[in-house]
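What follows is one structure encoded as C-alpha cells, with my remarks underneath.
The values are calculated or read from the model by the stated rules, or taken from the named source; none is laboratory data. Keep in mind the model is a prediction, meaning the values are calculated, not measured. No Cβ is skipped: glycine too gets one built from the backbone with ideal geometry, and neighbour counts run over all protein chains shown. These area figures cover heavy atoms from the full protein model, side chains too; ligands, DNA and RNA do not enter into them. Shrake-Rupley method; radii C 1.70, N 1.55, O 1.52, S 1.80 Å.
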Amino acid sequence: MLRAIIVCLITCSATVFADAPDHTQLIKIRDSVYMAETVSNVYVVTTTEGSVVIDTAPAKFAPEARKVLAEQVEGPVKYIILTHGHADHIGGIDLWKEPATQIIAQRNYVEFVNYVKRLQGFFAPRNAAAFSRAPEQITAWPGNFAAKIDPTILFDEKYEFTLGGVNFELFSTPGETPDHLTVWIPAYKVAFIGDNYAGAGMPEPMSFPNMYAIRGTKPRWALDWIKSIDTVLALKPEIVLNGHGDPITGNAEITRRLTRYRDAIQYVHDQVVQGMDDGKDVFTLMQEVKLPKQYDLSETFGKVSWSVRGIYDGYAGWFDANPSSMYALPPSSIYPDLVKLAGGPEPLVRLALEKVADGKPVEALHLTDVVLSSDPKNPGALKARIKALESLQKDCENVVEGGWLTYGITKAKRELPSDSAN
Ligand SMILES: [Zn+2]
C-alpha cells in the first residue's frame, strides 16, 4: 500500500499510475462517514436525504472504490465534492454522477485542470521519465481551455449547504494546488483536507511537503499553504481525513502534526525571504537552508532544497541579476570550446572520475555535461556519468529524486555504444 501511496503522491496531476494498491479497503470512519482506501481515498457521507461523495480516485482505481462503497450509499448521490483537480481525485466522477448530482469545486479548479491539459505534451515525457516508461500518446495540442469541466457549483472563499439536516461547510484552502478546498462537517468535527497534509500515508517521521514538484509545477505558494493549515486548525477538528493515507484522530494529535508541518513551511519560506533580502543567490540558499531537528520531518517526499528554489523562483522568476543570463545563449553554448581548450574530452572525463572518487558526484555530472553536449555518445563521459548517478543514488532517501536518478542511469546506459558497455 505504501508504495502505491508514494507513487500517487509523485504523480498527482499526472494521468498515469504505476502500481495498483494491494486492494481497496472499506473503512468506517464513524456513523455516516465511510472511506474507500485506494491509491487515493474516496469518501461517502450519508444523510437521510441522500449521500455526498468526496473525491473519486484516479480513473483506473475508481470502479473498485465505487464497488467497495456501493453498499454504504444511501439515497441519491446529491453532491460530489472535489478537494482539488489532480487526476488522482477526479477520475471517477462519471461513476458517481446521477442526473441531479451537483458537483462542487473551488473556482480555481477550472484554470487548474485547463493548465494540466494545456501542457500535457510538456508533462507527459517528464512523468514517463520519472517512472522509466514510454510516454503516453499525445494527440494534437488541445488548446488553452480544452479540459472537461465537471463542477456545476464553483465558489470563491466559502460555500455551505445542508443535506438531511447535516451541515457541510466548504472553505478555500489553497496549498498543494491553488484550487484546494476543505470540507468541514461541524456536527461530526470532521475535516476533509485533500492533499494539504501531503504524505499523510507515509511512515513517521513525516516528510517535508513537495512545495515544488520537479516534474514541473507552478509554485505551491507557501503563505497560502500556511494560512490554509491555520484555517483547518481553527475548526478544531477531531478527525482529519486526507486524500491519501490514514485518518488523523484526536484534536491534540491533529494540532501537533499540522502545526509542525505548518511551522516547517513557514521556517523555510522565511529563511528564503531573509536570504533574498540579504542578497544571497538561489544556489547559496539551497545549500544553506536546512530544517532544524525540532520539526522532526524527513525529506523522503519533498526536499527542502527544491522548495527553497521553488520559493525563490516563485518570487523572483528566472533572472539571476547576471547580465550573461539576459540572452538566449546558455552557458552550455561554450561547452564545446571548453572541451577544445582541454585538448579533448579525456582530461574532463578523468576529472569527472576523480570527482566521483572524491565524493563530489554533482560536480562530476556537470563535467560530463560539458563533454556530452558536443559528443553525446562519448563512452568515457557516459561511464563517468553513470558512476556519478549511482553514487548519488546510493545515498538518496527521496523517492522523487530516486526516480530521476534511475531515469538518468537508464538514459546514459542506452546511449552507451554496445561495444563499450564494460
Ligand atoms: Zn492526490
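Taking Cβ atoms as reference points and 13 Å as the exclusive limit, the residues near Arg30 contribute a net charge of 0, counting Lys and Arg as +1 and Asp and Glu as -1.
Loop-located GluC sites (Glu not before Pro) across segment 319-422 with a Cβ neighbour count of 16 or fewer within 10 Å are Glu397, with loop assigned by DSSP. Taking a cut-off of 24 Å between Cα atoms, list the lysines near Lys236, but don't count ones fewer than 8 places away on the same chain. Straight-line reach from Lys236, under 24 Å: Lys28, Lys158, Lys189, Lys227.
Between Arg256, Arg107, Arg215, the GNM of the chain built on Cα springs shorter than 10 angstrom shows Arg256 fluctuating the most. When the chain is treated as a GNM with alpha-carbon contacts under 10 Å, the residue of Gly380, Gly344, Gly91 showing the greatest mean-square fluctuation is Gly344.
Of interest is the spacing of the C-alpha centroids, which for segment 21-54 and segment 221-239 amounts to 23 Å. Surface composition of segment 257-416: carbon plus sulfur atoms contribute 54% of the solvent-accessible area (1.4 Å probe, protein chains only, all chains present). Partners of Lys394 within straight-line reach, counting lysines whose Cα lies under 24 Å from its Cα and excluding those fewer than 8 residues away in the same chain: Lys290, Lys293, Lys303, Lys355, Lys360, Lys383, Lys411, Lys413. The mean sequence distance of close C-alpha pairs (under 8 Å, at least 6 residues apart), as a share of the length of segment 114-247, puts its relative contact order at 21 percent.
For segment 15-166, the relative contact order works out to 19 percent when only alpha carbon pairs closer than 8 Å and six or more residues apart are counted. Computed over the alpha-carbon pairs of the chain, the distance histogram in 10 Å steps reads 4, 20, 29, 24, 14, 7, 2, 0, 0 percent, short to long. Note down the relative contact order for the chain as a percent, whole number, built from C-alpha pairs under 8 angstrom at least six residues apart. Relative contact order of the chain: 11 percent.
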